[in-house]
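The values are calculated or read from the model by the stated rules, or taken from the named source; none is laboratory data. Since this is a predicted model, take the numbers as computed values, not measurements. Cβ placement follows ideal geometry from the backbone for every residue including glycine, while neighbour counts extend to all protein chains displayed. SASA here: full protein model, heavy atoms, side chains in, ligands and nucleic acids out. Shrake-Rupley method; radii C 1.70, N 1.55, O 1.52, S 1.80 Å.
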Amino acid sequence: MILGGFYKASNLLKSSRASWRILTRKMSADSSSLTLREQQDGIRRIILNNPEKRNALSLAMLESLRENLLTDSQTDDLRVIIISARGPVFSAGHDLKELTAAQGRDYHSRVFQTCSEVMTLIQDIPVPVIAMVNGIATAAGCQLVASCDIAVASDKSSFATPGVNVGLFCSTPGVAIGRAVPRKVAMEMLFTGHPISAQDALLHGLVSKVVCEEQLEEETLAIARRVCECSRPVVALGKAVFHRQMAQGRDAAYASAATAMVENLTLQDGQEGIRAFLEKRKPVWSNSTEKSHT
């Protein structure tokens, strides 16, 4: 009986991997889009798809990424988002050709405004966003990783904010990076532009986990599937309050968190989870935002 269950689970895992490989091939076939989007079993995959230009976060790339994040982001079918990239560079940051004097101040303002909107959107949408990094992430590309809720990197990855070396300090990347790693680590990265390894990124909190390249997709999907096993409205509430309290002082943060926990208990799934625990069974989530009581 136990062996039968094991083999069944193994076959399901193999089937799931095969399905994702088919989807990846399908997505890769469309080489014209700056980003590719596919969704299966609650997991949306967004792939930066401009390896020839090192997946630079041009204005067009940022707008495409924003659209892929926003599309149907409030539907129950979406549970988690994975952002990854084609090629050896996750993202080299902004397209410097767009930042020359010829483009003008208004265009530059639009680039950085759009970039800021994308980075804040990642933290504001109701589902967790996971960065799957296999390669170099620099400047705004590093900012993108730092902005995600979870980041899984291969051991060949590296991270840097080298803007200072080309005369453009990474001020906007510093917003996300400074909130992800200790201040002195962020300042060294920003002042020197020197890259850090995946292991150092893990040590300092820029990424959540480092695995070998061969295990990167499997590990990232495993995390995504674990998110999908939880109640969507509970995860959404938890994500919102976590980001909110991180911007507050200690006392205000505790007040926000306590209010959120009381609110969580009014959700149908909040009560279902407690009943299931007490009854020693697996919870059956409704994924409804309806209240069980007021």
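Backbone geometry of the range 143-155 corresponds, through the Karplus equation with coefficients 6.51, -1.76 and 1.60 at θ = phi - 60°, to 3J(HN,Hα) couplings of 4, 4, 4, 5, 7, 6, 5, 9, 9, 10, 10, 6, 6 Hz, x marking Gly and Pro. Out of the range 155-254, which GluC sites (Glu not before Pro) are coil in DSSP terms and have no more than 13 other C-beta atoms within 10 Å? Hits after loop and neighbour filter: Glu229. Residues whose amide H falls under 5 Å from that of Thr35, counting only those 5 or more places apart or on a different chain, are Asn49, with hydrogens built in the peptide plane. Between the Cα long axis of helix 216-228 and the first principal axis of the chain there is an angle of about 50°, rounded to the nearest 10. If you sort Tyr254, Tyr107 by accessible surface, 1.4 Å probe, largest first, the order is Tyr254, Tyr107. By the rule of a C-alpha distance below 13 Å, with chain neighbours fewer than 8 residues away ignored, the aspartates and glutamates paired with Lys282 are Glu229, Asp269, Glu272. For the chain, the residue among Asn287, Asn50, Ser33 whose Cα projects farthest onto the positive side of the dipole built from Cβ charges is Asn287.
Distance from the C-alpha centroid of the range 64-112 to that of the range 159-203: 19 Å, rounded to the whole angstrom.
Placing unit charges on the Cβ atoms only, positive for Lys and Arg and negative for Asp and Glu, gives the range 136-294 a dipole magnitude near 460 debye about its Cα centre. Determine the shape class of the range 62-183: with a ≥ b ≥ c the square roots of the Cα gyration tensor eigenvalues, call it rounded for a/c under 1.5, and otherwise prolate if a/b is greater than b/c, oblate otherwise. Taking the square roots of the gyration eigenvalues as a ≥ b ≥ c, the range 62-183 is oblate. Between the residues Ala151, Pro128, Leu221, the greatest Cα displacement towards the positive end of the dipole of the chain, with unit charges on the Cβ of Lys, Arg, Asp and Glu, is found for Leu221.
So what's the angle, to the nearest 10 degrees on a 0 to 90 scale, between helix 105-124 and the longest Cα principal axis of the chain? The two axes meet at around 20 degrees.
Here Lys97 is the anchor, and no aspartates and glutamates lie within straight C-alpha reach of less than 13 Å, apart from those fewer than 8 places off in the same chain. Overall form of the range 238-294: prolate. Here a/c, set by the Cα gyration tensor axes a ≥ b ≥ c, is 1.5 or more, and a/b is the larger of a/b and b/c. Over the chain, DSSP H runs of length four or greater, each weighted -39,500 (n - 2.57), average out per residue to a 222 nm ellipticity of -16000 deg cm²/dmol.
Modelled label positions at Ile274 and Lys291, each set 7 Å beyond Cα in the direction of Cβ, lie 1.5 nm from each other. Rounded to the nearest 20 debye, the dipole size of the chain about its Cα centre is 400 debye, using +1 on the Cβ of Lys and Arg and -1 on the Cβ of Asp and Glu.
With all protein chains in place and ligands, DNA and RNA left out, the 1.4 Å accessible area ranks Asp106, Asp72 as Asp106, Asp72, largest first.
Remind me, relative contact order of the range 154-266 in percent, using alpha carbon pairs under 8 angstrom and six or more residues apart? 24 percent. The H on the amide N of Ala151, modeled in the peptide plane, is under 5 Å from the matching H of Ala131, Ser208, Lys209, each at least 5 residues off or on a different chain. Result for the chain in a Gaussian network model with C-alpha springs under 10 Å: among Gln271, Gln248, Gln40, the largest mean-square fluctuation is at Gln248.
Relative contact order of the chain: 13 percent, from C-alpha pairs under 8 Å at least 6 residues apart in sequence.
Loop-located trypsin sites (Lys or Arg not before Pro) in the range 256-294 (DSSP state other than H, G, I, E, B) with a sparse environment of at most 12 neighbouring Cβ atoms within 10 Å: Lys280, Arg281.
Put Phe169, Phe159 in order of accessible area, highest first, and with a 1.4 Å probe you get Phe169, Phe159. Roughly how tilted is helix 183-192, in degrees to the nearest 10 and between 0 and 90, from the longest Cα axis of the chain? Taking the Cα atoms of the chain, the angle to 183-192 is about 30 degrees.
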